[in-house]
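The values are calculated or read from the model by the stated rules, or taken from the named source; none is laboratory data. Here the structure is a predicted model, which is why all the values come from computation and not from measurement. Cβ coordinates were reconstructed from backbone atoms using ideal geometry, including for glycine residues, and neighbour counts include every protein chain displayed. Side chains are part of the model used for accessible areas, which takes the heavy atoms of the whole protein and leaves out ligands, DNA and RNA. Shrake-Rupley method; radii C 1.70, N 1.55, O 1.52, S 1.80 Å.
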Amino acid sequence: MAKKSYFLNDDIQFHFKNTIKWKQLVSLYENLDEKVTLDQTIEIYYDTLKELGIIAANELEDTAKENDKTGVELRDGKIIIPQGIKKNGLKAFKDAEALALNIKPEYGGVGMPGLINMINTEMISMADPAFMTIYAFYSGVSKTLEIFGSDELKKKYIPLLAKGEYGGSMSLTEPDAGSDLGKIRTIAEKKKDHWEISGNKIFITNGGGELSLVLARSDKEAKGTKGLSMFIVPRFLEKNGKRVQNFSIETIEHKLGIKASPTCGLLFDKSVGYLVGQEGAGLKQMFFLMNEARLGVSVQALGIAQKAYDEAKEYASERIQFGKPIIKHELIADKLLDMETDIKAMRSFIYKACEYEDLKEGYRDKLENLRDEKEDKSLLKKKYSEYKYLARDMIPIVKYFVTEKCIQIARDGLQIHGGNGYTTDYAAEMHLRDSIITTIYEGTSQIQALLALNNILKRSGIFPFVQTFKNLAKRIRSIFTSSLERNLIEAEIQFSRAVCYLKRPFIFAKLFRNKEKEQAAVSYAMLCAERLTRIKAYMTISKILIDESAGFKQRKPIARRFLRNYMPEIKKESKIIRSGDKETLKRINAK
């Protein structure tokens, strides 16, 4: 008898039924007619998620701890992954034809919005986050080929990924090029009908996959990030009727967490590769890849946090101390309530970002394949630009907030388990170990903060001192609003004051062409990037939760508690930014 799909929990169901703009999304991703209505399509989506939640519960959850204990092995150039992943997880999702939920049907996919794939990825991450890192690349590599690849590459490789015959990876990082992609040394040389790729890549998640998207330098003379191109490189080639290795797995990493996920060092030695899209467009394609990957990691962090909370709550309900379950003790109850609030806030935040990304991609696809003359092209362009802006603005902040919060929730989950949590008898220690990587890969928290800072300062206007008058108007308006709205207005004011403080010296330095002061202003802004990102995250989430509570009374306590917890943080971070403390910069500049 199949387990109940508790992974499709009440909060996921709330969003599925109430907050997601299905009408707008479905119109972009499905061809509706009299035979297949909007309601029927939504029901198919729901039933799909329900069944996939059952697969995650049946095939993944019970083997997660054993998979973690077994880990991966490199044997004779081959990656050996735990049987619980290979025979249980991969087989089950392959049999369910669920490896390409968001890929177009003409290439062997299902054609659903990416949000469905992300919710499924969240449930998988609750069951086994290590498996998620293998699963995600089937659709991740497919989607990149679908958008940027030639018709030949799409037809050749996407169906193999969609069927699960090939796995994938993304090869960007090198020994001297982590976040600094301008240092990439892997070279691509043009041949008659292919390219030859040579170089070393490290920290490649699922590097044992049969296809790798490789970022390499196609123009040796170009400096920095110019001259970088993206290539699809198969791990094996057919030569003279034999299967020969095209690139080799040199090492596997022995890690703190997600131990059942292979992280590899790869060697490309004149490996045959095929250009994806235009030559020199690698950086643009990489940004698309990273957007998808950062959302995926955020969803993974949400899944880990949810599982850590669920197990901590269950343990607290059963652990009796001083004559009652510890869930009835005030401090434990308060901690669990904070964990629950943060997880619901994380989910609201992520789903909104995923929705923006789906709408952006839906309008982009509609523009590129516009055939109906009745379609308003200018309106489609406007919609595409709107959601592109919203997705780009939100994704780094989502990645920052959700992954950092995941570690805190996993740590609190272990704390609630007490001494038992510190042993391997319980999974609490595994959740904490697994949580830590989410703040590191696909761009560290500090990289996300710098991206967010850049977006915020670029979009904050030329004359930030005008904001002073706007803030005054907001304070007057707050007299006539609810307590939740008043808190949100105060958060917006604190945010704008911090932004103005950072932007004002930069503007005056530019105005008077003082390069030294301009650089000092930039340095101080970068010093404050994480603080400003946290304020932006707290403020944005507060607005989303307040909007939800306006339509659904059950969401009001979540919004109220979130604001109660984070308004003091907003004020503190804003005050520190506006303190002008440059001790760190003095230390950097000291001789």
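So here's what we get for this one:
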read-out: Exclusive hit being over 30 Å from residue 248 (Cβ atoms) and among the polar types (S, T, N, Q), set 67, 88, 58; value: 58
read-out: Filter result (buried (at least 19 other Cβ atoms within 10 Å of the Cβ), of a type in the set (Gly, Ala, Ser) and assigned to a helix (DSSP H, G or I)) within the range 266-318; value: 282, 293, 296, 298, 301, 303, 305, 308, 312, 316
read-out: Criterion: out of contact with any Cys (no Cβ under 9 Å at 6 or more places or on another chain), closer than 18 Å to residue 128 by Cα and assigned to a loop (DSSP other than H, G, I, E, B) - qualifying residue of 424, 403; value: 424
read-out: Filter result for the condition that a residue is open to solvent by less than 20 Å² (accessible area, probe 1.4 Å) and not acidic (Asp, Glu), over 550, 520, 525; value: 525
read-out: Test result for residue 366, among the basic types (Lys, Arg), in contact (Cβ under 8 Å) with a residue 40 or more places away in the chain and either closer than 21 Å to residue 27 by Cα or part of a helix (DSSP H, G or I) (or both); value: yes
read-out: Leading residue by the ranking (most open to solvent (accessible area, probe 1.4 Å)) among those in the range 190-239 that are outside any loop (DSSP other than H, G, I, E, B) and free of Cβ contacts under 8 Å to residues at least 24 places away in the same chain; value: 238
read-out: Complete set of residues in the range 397-446 that are open to solvent by 10 Å² or more (accessible area, probe 1.4 Å) and of a type in the set (S, T, N, Q); value: 408, 415, 420, 423, 424, 439, 444, 446
read-out: Helices (runs of 4 or more DSSP H) contained entirely in the range 66-173, each with at least 2 residues that are open to solvent by 10 Å² or more (accessible area, probe 1.4 Å) and of a type in the set (A, V, I, L, M, F, W, C); value: 129-148, 151-162
read-out: Residues of the range 43-65 satisfying the condition of being over 20 Å from residue 97 (Cβ atoms) and either over 24 Å from the mean Cα position of the chain (by Cα) or open to solvent by 70 Å² or more (accessible area, probe 1.4 Å) (or both); value: 62, 63, 65
read-out: Pairs with Cβ under 9 Å, 6+ apart, first in the range 483-499 and open to solvent by 10 Å² or more (accessible area, probe 1.4 Å), second among the aromatic types (Phe, Trp, Tyr) and assigned to a helix (DSSP H, G or I); value: 495/538
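Residues are listed down the side, and each one gets a yes or a no for (1) of a type in the set (Gly, Ala, Ser); (2) open to solvent by 40 Å² or more (accessible area, probe 1.4 Å):
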| position | (1), (2) |
| --- | --- |
| 352 | no, yes |
| 356 | no, no |
| 361 | no, no |
| 369 | no, yes |
| 383 | no, yes |
| 391 | yes, no |
